[in-house]
1. Checking Ile194 against (1) closer than 30 Å to Leu136 by Cβ; (2) of a type outside the set (S, T, N, Q); (3) in a helix (DSSP H, G or I), only one condition comes out false. Which one?
2. Against the conditions (1) part of a helix (DSSP H, G or I); (2) at pLDDT below 95; (3) among the hydrophobic types (A, V, I, L, M, F, W, C), where does Ile154 fall short? Just the number, please.
3. List the pairs whose first member sits in the range 118-144 and is in a helix (DSSP H, G or I), whose second member is among the hydroxyl-bearing types (Ser, Thr, Tyr) and exposed (fewer than 13 other Cβ atoms within 10 Å of the Cβ), and whose Cβ atoms are under 9 Å apart, counting only residues at least 6 apart or on separate chains?
4. List the pairs whose first member sits in the range 42-68 and is more than 15 Å from Leu98 (Cβ to Cβ) and in the same structural domain as Phe97 (by TED's automatic domain parsing), whose second member is exposed (fewer than 13 other Cβ atoms within 10 Å of the Cβ) and among the hydrophobic types (A, V, I, L, M, F, W, C), and whose Cβ atoms are under 6 Å apart, counting only residues at least 6 apart or on separate chains?
5. For Leu18, all conditions in the list (1) more than 21 Å from Leu319 (Cα to Cα); (2) among the aliphatic types (A, V, I, L, M); (3) at pLDDT below 90; (4) surrounded by 13 or more Cβ atoms within 10 Å (Cβ to Cβ) hold save one; what is the number of the exception?
6. Select, from Tyr149, Tyr161, Tyr103, the only residue that is under 30 Å from Thr190 (Cα atoms), in contact with a Ser or Thr (Cβ under 8 Å, 6 or more places away or on another chain) and modelled with pLDDT under 95.
7. Do you know which residues across the range 244-253 are surrounded by fewer than 17 Cβ atoms within 10 Å (Cβ to Cβ) and either within 24 Å of Leu192 (Cα to Cα) or modelled with pLDDT under 75 (or both)?
8. Contact list please: Cβ distance under 7 Å, first residue in the range 333-345 and free of Cβ contacts under 8 Å to residues at least 24 places away in the same chain and assigned by TED's automatic domain parsing to the domain that holds Tyr210, second residue surrounded by fewer than 16 Cβ atoms within 10 Å (Cβ to Cβ) and among the hydroxyl-bearing types (Ser, Thr, Tyr), pairs at least six apart or on different chains.
Amino acid sequence: MKKLYPYLLPALLVSFYLSEGFGKLYYLFTWDRSLFQIATKLLILPIIIPHLIKSKKQLILIPSVVLCFIIGQLLIDNGLGTNILINSAKYIYFLIFLSFFSYNKDACINGNWQLSLEAIAIINSILILIGFIFKLTFFESYTGDRFGYNGLLISSATSSYFHFFVLGYFFIKLKDNFLKNYKVLFVIATSLLIGTKSTYLLNFIFIFAYLFFFVSSYKIKFYGLLLLAIIFICFSYYVLFVWPIFQSIVTERGISYAILSDRNQIFMSETLPFLKEKWNIINFLFGGIDNIAMRPQLGLFDLFLFFGVIGSSLFLYSLYISFFKKLKLKVLSVFLICIISLLIFTTGNFFINTSVCIYSVALFYAFLKYGDNEITNNKMI
């Protein structure tokens, strides 16, 4: 079986991506989730679950996270509803998935996963461009009138996550050649058509990082960063105060709502009252939630709702063992980890978006394969 491991990540990258495209088409016609998309992501479980027996720490940690969830939910009315169980299973899927590819990294990292990831990035960028030119509904990021095209990716949130992982992969691989690579430039250019605020912000962050880390001329660095800051301010002003959709939101509900969507409102009107009325000290330790809609969609807080202080700590420790513990914490890795942390803090579906699993593994392997060089005085040595 281990002889097949080098082909596993490339195959999963392609199959996850294509199944999302099929799921998007299916949803467009039926307004329901595709069982094919779900089955594609479940078929890997018989392969990856047995490895937990070999990983003693994960064999204890992951079942402990599940136990925390069960304890918390038993203390909540309707705590074991179908949607609650499905979403909690996605959290556990995330841990199992990363644990497998971390434990078997030596066998899996040597496959042609880089070629698969880069091909998917270019193909999806081409589809974004085609969707924009021909106004194809199938390739749109949103249902309704809001502008945006995201190719075969099933949601706007997945588009933002995918864009981060692709840029992160290229950044850690290419380093000072990042903005000299035609693939990167094409991906950044077409990402302007995706229509999500986080995608635009990611572009600015990566260009800023390139100028800061890899431009050795202080004069070019200074003027480059100054120009980027001016563009960022002007672009932000356009998005918030000129773009019709966000202009109306800012006028009616304020800037914070336009930036955070309805997360702040949900937190104040749904989440806090629920905690005050339904939670006790045991729930604070083990979590408890009875309605998915009351999540504020702020990653770590959502995690806390499901698993409490103890369960969330065990969840994050499992991630640390699988991911962060194996990284050499140098400048680029710390930079990308900070962006991941920002995504987790400001979005609600990072841990329960099953596509994030496969792209997280690709970025993790990019760290291991290309992240050995360090930055000193703006040059790689």
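The values are calculated or read from the model by the stated rules, or taken from the named source; none is laboratory data. Predicted, not measured: the structure shown is a model, and the values here were computed from it. Counting neighbours? That spans all protein chains shown, and the Cβs are built from the backbone with ideal geometry, glycine included.
1. Only one criterion is unmet by Ile194, namely (3).
2. For Ile154, the failing item is (1).
3. Final answer for the pair search is Gly131/Thr137; Thr137/Thr143.
4. If the second residue must be exposed (fewer than 13 other Cβ atoms within 10 Å of the Cβ) and among the hydrophobic types (A, V, I, L, M, F, W, C), no pairs are left.
5. (3)
6. Working: Tyr149 fails: modelled with pLDDT under 95; Tyr103 fails: under 30 Å from Thr190 (Cα atoms).
Sole residue among the options that is under 30 Å from Thr190 (Cα atoms), in contact with a Ser or Thr (Cβ under 8 Å, 6 or more places away or on another chain) and modelled with pLDDT under 95: Tyr161.
7. Going residue by residue through the range 244-253, those that are surrounded by fewer than 17 Cβ atoms within 10 Å (Cβ to Cβ) are 244-245, 247-248, 251-253.
If the condition is that a residue be surrounded by fewer than 17 Cβ atoms within 10 Å (Cβ to Cβ) and either within 24 Å of Leu192 (Cα to Cα) or modelled with pLDDT under 75 (or both), then Pro244, Ile245, Gln247, Ser248 are the ones that fit.
8. No pair meets every condition.
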